[in-house]
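Reviewing the structure listed below.
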Amino acid sequence: QVQVQESGPGLVKPLETLSLTCSISYGSITSHQWSWIRQTPGKGLEWIAYNSDTGRANYNPSLQSRVTISVDTSKNQFSLWLNSVTPADTATYYCARDGHDISGYHYYFDLWGQGILVTVSS
Amino acid sequence: DIHMIQSPSSLYASVGDTITITCRASQSISTYLNWYQQQPGKAPKLLIYAASTLQSGVPSRFSGGGSGTHFTLTINSLQPEDFATYSCQQSYSMPRTFGQGTKVEIK
């Protein structure tokens, strides 16, 4: 059964770069699209970006200027970088698989990591 | 962006009750609507996709309906493990957006 695990520092200083890694176990990262999603008490769940199974990236316009994602197929890992962070970026960050139905039209997040809390503070 | 609004924000119910949560989209999204359940301190769990299709393993007391801009999640005969936060999410267009969540609490 495919497992997903986020990792990275839990504390980042303001204006620095947040860097997280999502490790996929018991499955190939190239078999699906993968997304980063974050959750804050104030704004709820916010989709950040995804990396398609063909390697194409798609970003939320609200974060696009500060976000980069990439896939390392040799390590079966998916990474997120968010630069120039502020306390507003304090959130639990999730890695999630982008599943879809048999038609291929309906996409949904059907497998999530446990999440990692990242606090932005000096 | 498509804005998703859920109502109510929270509700109190008892074991055995039937409840309905509403999700409205700021524009038509056909049936590109998913529902998630989230327990405190846990990741969201997919319950329903394409507005009304139950994800594998989800109990049949959960049901979803609607299309266009108005959607519902109904839970029949609430069980103790159903007290959680429920969120809708549209997959019609990018960026994918979520509702703010509905917290179901024990009365």
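Read-outs: derived from the displayed coordinates by stated rules, not from any lab. Everything numeric in this text was worked out from a predicted model, so none of it was measured. All Cβ positions, even for glycine, are placed from backbone atoms using ideal geometry, and neighbour counts span all protein chains on display.
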Separation of the B:Leu54 and A:Trp81 label points, Cα + 7 Å toward Cβ, nm: 4.6
Label point distance in nm, A:Ser65-B:Ser14, each placed 7 Å from Cα along Cα→Cβ: 5.4
Convex hull projection area averaged over all views, the protein assembly as shown, Cα basis, nm²: 12.2
Amide H contacts under 5 Å for A:Val85, placed H, 5+ residues apart: A:Leu15, A:Glu16, A:Leu18
Residue exposure sequence - A:His32, A:His100 - by fewest surrounding Cβ within 10 Å: A:His100, A:His32
For B:35-47, mean number of other protein chain Cβ atoms within 10 Å: 4
Residue-averaged beta-carbon neighbours from other chains (10 angstrom radius) around A:40-50: 4
Ranked list, fewest to most other Cβ atoms within 10 Å of each Cβ, for B:Lys45, A:Lys13: A:Lys13, B:Lys45
Residue order, fewest to most surrounding Cβ atoms within 10 angstrom, among A:Tyr93, A:Tyr105, A:Tyr59: A:Tyr105, A:Tyr59, A:Tyr93
Shielding by other protein chains, A:104-116, mean Cβ within 10 Å: 6
Calculated P(r) tail over 24 Å for chain A, as whole % of Cα pairs: 22
Trypsin sites (Lys or Arg not before Pro) within the range A:49-122, DSSP loop, no more than 12 other Cβ atoms inside 10 Å: A:Arg56, A:Lys75
Taking all pairs of distinct alpha-carbon atoms in the range B:63-107, Kirkwood radius in angstrom: 12.2
Nearest-0.05 FRET efficiency for A:Ser74 and B:Glu105, computed from C-beta distance (R0 45 Å): 0.45
